[in-house]
Amino acid sequence: NSIRIASAGGTAARIRALVGGKIDAAAAATDYVPVADKMGLRVLGYAADIVPEYPRYVLTARAEALRAKRTQAIGFLAGYMEGLAYALAHRDETLALAGRHNHKPANDPVLVNMYDETKKNGYISVTSEIPRAKIEWLEREMLKLGELTKPVDLDKYIDESYRREALKQVDVAGK
């Protein structure tokens with residue numbers, strides 16, 4: 001009864017609310033870990049350690065858009081895979097580009113932390129693997145908590161055909 005759950009917005013809004021004393025704790029992206037001390041915050045744990053099964057990132061699209069633009073979707077996915085593979089193999093270039101686009105130096109602690117954490121924890125699949133086991137875990141948890149009333153037909157929402165076709169067009173490790 002001593003914990004009250006509140007919607008506090010996205011990560012930036014939650015961090016502002018924490019720093020401003022409006023809330024006592026919040027889940028947030030790890031972008032702020034390198035500057036948490038300066039902001040008077042303490043990191044209590046990392047989601048990757050606490051709930052490693054949680055699916056971090058997925059690509060989604062509307063079914064009708066995919067049907068109407070199948071070739072373009074496959075081409076996008078192939079380019080995305082190649083871009084991710086290149087970024088993970090070229091740390092300095094990736095940090096320089098990220099810095100340029102975020103108006104920060106390439107050695108900015110937030111950028112460096114995010115790059116290194118993402119690579120170390122395998123958050124990115126250069127083959128755009130669909131984390132079905134993680135999605136199924138999340139579904140089971142949502143059923144236990146009453147957030148879902150019945151299982152979802154994941155086959156209705158997961159279509160591996162785009163990924164399989166894109167993989168034929170690329171040369172990435174793990175293929």
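Helix content alone sets the calculated 222 nm mean residue ellipticity of the chain: runs of n ≥ 4 DSSP H residues at -39500 (n - 2.57) each, divided across all residues, give -14500 deg cm²/dmol.
Dipole orientation for the chain: of the candidates Gly20, Asn121, Leu66, Gly20 has the Cα lying most toward the positive pole (charges on Cβ; Lys, Arg +1; Asp, Glu -1). Dividing the mean sequence gap of close Cα pairs (under 8 Å, 6+ apart) by how many residues the chain holds gives a relative contact order of 25 percent. On a per residue basis, the chain carries 73 Å² of accessible surface, using protein heavy atoms and a 1.4 Å probe.
Working note: Cα atoms of segment 71-175, range along each principal axis, descending, whole Å: 48, 35, 22.
Work out the length of the dipole vector of the chain about its Cα centre, built from +1 on the beta-carbon of each Lys and Arg and -1 on the beta-carbon of each Asp and Glu, and round it to the nearest 20 debye.
Numbers: 26 positive and 23 negative charges, 78 e Å.
Dipole about the Cα centre, nearest 20: 380 debye.
For segment 29-107, trypsin sites (Lys or Arg not before Pro) are listed when DSSP marks them as loop and at most 10 other Cβ atoms sit within 10 Å of their Cβ; the list is Arg42, Arg62.
Of interest is the spacing of the C-alpha centroids, which for segment 120-175 and segment 1-80 amounts to 17 Å.
The values are calculated or read from the model by the stated rules, or taken from the named source; none is laboratory data. Predicted model only: the values in this text are computed from it and were never measured. Methodologically, a virtual Cβ is constructed for each residue, glycine included, from the backbone with ideal geometry; neighbour enumeration extends over all protein chains shown. In case anyone asks, the SASA skips ligands and DNA or RNA and just uses the protein heavy atoms, side chains included. Shrake-Rupley method; radii C 1.70, N 1.55, O 1.52, S 1.80 Å.
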